[in-house]
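The numbers here are math on the coordinates, done by the rules we state, and not lab data. If you're wondering where the values come from, they're calculated on a predicted model, not measured in any experiment. Using ideal geometry, Cβ is built from the backbone for each residue, glycine included, and neighbour counts are taken over all protein chains shown.
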Amino acid sequence: MDTFSIAGKTFTSRLIVGTGKYSSPSIMVKAHDASGAEMITVAVRRVNLPAARAAGAPRGPKEESLLDYIDTSKYFILPNTAGCYTAEEAVRTARLGREAGLSNWVKLEVIGDEKTLFPDNEALLEATRILVREDFIVLPYTNDDPVVCRKLEDAGAAAVMPLGAPIGSGLGIQNPNNIRIIREFARVPLIVDAGVGTASDAALAMELGADGVLMNTAIAGAQDPVAMAEAMNLAVRAGRLAYLSGRIPRKMYASASSPVEGLVGR
Amino acid sequence: MTIILNGDPHEVTRPLTVSELLSQLEIDSRRVAVEHNLVVLKRGTFDNVVVHEGDQIEIVNFVGGG
């Protein structure tokens, strides 16, 4: 069976999915099931306190724990540091996520710009070094920059997770060549994280040689998230198979598929 | 006495353990992580760590995210 491992943990599914932006927990649960994913990302945030609740904050799904809806015997939980703008914030959040989730894995995000949500690479490297020293398994969300990916790897990252396009943009892989170059040099798993809009984007990421794809909005924001989750499941598998199969070279001109001899009337 | 709870002042009657604070707030301690004056607490220490006047407490849990 075609599996891949991060930091010694083996996964069969190469699709990693998020838990944000779903219209309801039940749709999220069905989408997770349809995706076939084994690893699920979550965010770490302050709890709603009774005072805020009494002051009229709406009671809703947020009041319940997200983990009420996730079968943790089936899914591996990957806490993120989304929304952190400094290495210090990201490190604090990672430490809290470790305690809340009882695993030492973290999807490390240190954002450098509000509008694009592009990473702050300098702070990302600093946070990676700190967390690796504290025995975290660090999966950094990064630019599609081969040099930065190499530096993260040298800093001890367990995988590199370059973006395909800005988070939530749905633009697809904007720089396929960079993903290919990162593939060529990376000695740790390469996960394309963010930017996927539809199934073909996920398939392309896999055809370029990614070990996996991480997505949230493309599924949660689709009109039918459960059907899109299944599409992504199939696309990731199709793209992986195509990558392993060795595609034909691109050519300028046609090359007939049917015999050129024995044509009737010649 | 006043503590800083998730960034805002919060009144409690006396120094109390983290477990007692969570219980007063009706928060299930199994579902959260707690930071006390910038130090993340191991779950097993909630009964022992005492919160004093002016202490900073952060209580977090998991929410949806990508």
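On a 0 to 90° scale, report how tilted helix A:225-245 is relative to the longest principal axis of chain A, with both axes built from alpha carbons and the result rounded to the nearest 10. That works out to roughly 50 degrees.
For A:LEU214, the residues whose amide H sits under 5 Å from its own are A:ILE16, A:VAL192, A:ASP193, A:ALA194, ignoring neighbours fewer than 5 places away on the same chain, with H placed 1.01 Å from N. Taking one quarter of the surface of the C-alpha convex hull of segment B:2-60 gives a mean projected area of 3.5 nm². Only Lys, Arg, Asp and Glu carry charge here, each on its Cβ (+1 for the first two, -1 for the last two); on that basis the protein assembly as shown has a dipole of about 1060 debye about its Cα centre.
The modelled label-to-label distance between A:VAL132 and B:GLN56, using points 7 Å beyond Cα along the C-beta direction, is 2.8 nm. The packing ranking, built from the mean of other Cβ atoms within 10 Å per residue, places the peptides A:161-173, A:251-263, A:204-216, A:16-28 in the order A:204-216, A:161-173, A:16-28, A:251-263, highest first. Per-residue mean of foreign Cβ neighbours for B:20-33 is 3 (Cβ atoms of other chains, 10 Å radius). Residues whose amide H falls under 5 Å from that of A:ASN80, counting only those 5 or more places apart or on a different chain, are A:VAL42, A:ALA43, A:VAL44, A:LYS107, with hydrogens built in the peptide plane.
By the rule of a C-alpha distance below 12 Å, with chain neighbours fewer than 8 residues away ignored, the aspartates and glutamates paired with B:LYS42 are A:GLU99.
Taking the Cα centre of chain B as reference, the dipole from Cβ charges on Lys and Arg (+1) and Asp and Glu (-1) amounts to some 300 debye. Averaging 1/r across all pairs of distinct Cα atoms in segment A:138-188 and inverting the result yields a Kirkwood radius of 11.0 Å. In order along segment B:36-46, the Karplus-derived 3J(HN,Hα) couplings, from 6.51 cos²θ - 1.76 cosθ + 1.60 at θ = phi - 60°, round to 10, 6, 6, 9, 6, 8, 6, 3, x, 9, 4 Hz, and Gly and Pro are given as x.
Counting only residues at least eight positions apart within a chain, or on another chain, the aspartates and glutamates with an alpha carbon under 14 Å from that of A:LYS9 are A:GLU38, A:ASP211.
Quick one: order A:ARG240, A:ARG150 by neighbouring beta-carbon count within 10 Å, fewest to most.
Ranking A:ARG240, A:ARG150 by Cβ neighbours within 10 Å, fewest first, gives A:ARG150, A:ARG240.
Among A:HIS32, B:HIS52, B:HIS36, sorting on how many other beta-carbon atoms sit within 10 Å of each Cβ, with the fewest leading, yields B:HIS52, B:HIS36, A:HIS32. For segment A:128-266, the Cα gyration tensor yields ellipsoid semi-axes of 35, 20, 12 Å (square root of five times each eigenvalue, largest first, whole Å).
With neighbours defined as other Cβ atoms within 10 Å of a residue's Cβ, the residues A:THR81, B:THR13 order from fewest to most as B:THR13, A:THR81. So what is log10(I(q)/I(0)) for segment A:4-245 at q = 0.07, 0.12, 0.13, 0.14 1/Å, when the Debye sum runs over its Cα atoms only? Taking Cα atoms of segment A:4-245 as identical point scatterers yields -0.21, -0.63, -0.75, -0.87.
In the protein assembly as shown, helices alone account for a calculated mean residue ellipticity at 222 nm of -9500 deg cm²/dmol, with every DSSP H run of four or more residues adding -39,500 (n - 2.57). Quick one: among A:ASN104, A:ASN233, A:ASN177, which has the greatest mean-square fluctuation in a GNM of chain A with alpha-carbon springs under 10 angstrom? Among A:ASN104, A:ASN233, A:ASN177, the largest mean-square fluctuation in the Gaussian network model of chain A belongs to A:ASN177.
Scalar couplings 3J(HN,Hα) for segment A:137-154, obtained by applying the Karplus form with A = 6.51, B = -1.76, C = 1.60 to θ = phi - 60°, are 8, 9, 10, x, 7, 9, 5, 7, 10, x, 5, 5, 4, 5, 5, 5, 4, 4 Hz; x denotes Gly and Pro.
Straight-line reach from A:LYS115: taking Cα to Cα under 21 Å and skipping same-chain neighbours fewer than 8 places apart, the lysines in range are A:LYS21, A:LYS107. Residue by residue, segment A:89-105 carries 3J(HN,Hα) couplings of 4, 5, 5, 4, 5, 4, 5, 5, x, 4, 5, 6, x, 6, 9, 9, 8 Hz when phi is fed to the Karplus relation 6.51 cos²θ - 1.76 cosθ + 1.60 (θ = phi - 60°); x denotes Gly or Pro.
The local environment of B:ASP47, defined by Cβ-Cβ distances under 14 Å, has a net charge of +2 under the rule Lys, Arg +1 and Asp, Glu -1.
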